[in-house]
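Scroll down for the structure; my scribbles are underneath it.
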Amino acid sequence: MDSQPMPSSSSSFSFELKLIRARNIFVKTCREVFVRCYISTASNKRVRLESQHISSHSNLTWNQTFSLNCSGTPQTIQSLKQGTIVFELRCRSSATLVSRMSGSKLLARAEMPWNDVVEVPYEKWVVMTAKDSYVYTDDVKPPAIQIAAKVEEVAEVKTRKEYSCGCMDCGCNYCVDYDLFAI
């Protein structure tokens, strides 16, 4: 039986997402603001990333970078790239332990296809929709966060020897189906 090693390929990539700053955020009741990101995975789950909490009375600058390393088959990586990235701007009313346990309040949200985020060569403003569906006029602009993203993809092909012939001619060293030969 002819037995060839069966190649298996895998791909991997490194994803960096940098949250830079926010603008057009006007909150009186919140003391801290932060960004929560959800990245879709190939298995229909989501990876949740959460930025540092900063004062809502500050200049709303994070300069925080998240790095993810992903690996899988080329099909898995491709299906991941078909997903979305959700950005949520959230706030907490105070920095006490009780307020942290009670959760946070959603201020604004944006959902973008993966390619719209990662194909940005430099910084980009992501315009968000406020939770209260406020209609913005020319005087009041919608909330936005500034991001930068970078993807480095590495495709590698690995060859594994997987034989199913049942003889030692292929190099599996587990079969003993040789014909005895004597002179």
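In table form, for the structure just shown:
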{"quantity": "Qualifying positions in the stretch 44-70 - closer than 14 Å to residue 143 by Cβ and either of a type outside the set (A, V, I, L, M) or in a strand (DSSP E or B) (or both)", "calculated": "56"}
{"quantity": "Residue in the stretch 81-93 that is modelled with pLDDT of 90 or more, part of a loop (DSSP other than H, G, I, E, B), among the small types (Gly, Ala, Ser) and under 21 Å from the mean Cα position of the chain (by Cα) present", "calculated": "no"}
{"quantity": "Where a residue in the stretch 130-151 is closer than 19 Å to residue 106 by Cβ and hydroxyl-bearing (Ser, Thr, Tyr) and its partner, wherever it lies, is at pLDDT 70 or above and part of a strand (DSSP E or B), with Cβ under 9 Å and at least six apart", "calculated": "136/130"}
{"quantity": "Extreme residue, farthest from residue 64 (Cα to Cα), among residues of the stretch 14-29 that are touching a Ser or Thr at 6+ places or on another chain (Cβ under 8 Å) and surrounded by fewer than 20 Cβ atoms within 10 Å (Cβ to Cβ)", "calculated": "29"}
{"quantity": "Matching residues, the stretch 44-74, being exposed (fewer than 12 other Cβ atoms within 10 Å of the Cβ) and of a type in the set (D, E, K, R)", "calculated": "45, 48"}
{"quantity": "The stretch 30-43: number of residues that are surrounded by 18 or more Cβ atoms within 10 Å (Cβ to Cβ), within 12 Å of the chain's Cα centre (by Cα) and not in a strand (DSSP E or B)", "calculated": "0"}
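So that you can scan it fast, the table gives a plain yes or no per residue for (1) modelled with pLDDT under 55; (2) aromatic (Phe, Trp, Tyr); (3) farther than 21 Å from residue 16 by Cβ; (4) in a helix (DSSP H, G or I):
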residue: 115; (1), (2), (3), (4): no, no, no, yes
residue: 122; (1), (2), (3), (4): no, yes, no, no
residue: 125; (1), (2), (3), (4): no, yes, no, no
residue: 133; (1), (2), (3), (4): yes, no, yes, no
residue: 141; (1), (2), (3), (4): no, no, yes, no
residue: 146; (1), (2), (3), (4): no, no, no, no
residue: 149; (1), (2), (3), (4): no, no, no, no
residue: 157; (1), (2), (3), (4): yes, no, yes, no
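The values are calculated or read from the model by the stated rules, or taken from the named source; none is laboratory data. Values in this document were obtained by computation on a predicted structure and should not be read as measured data. Methodologically, a virtual Cβ is constructed for each residue, glycine included, from the backbone with ideal geometry; neighbour enumeration extends over all protein chains shown.
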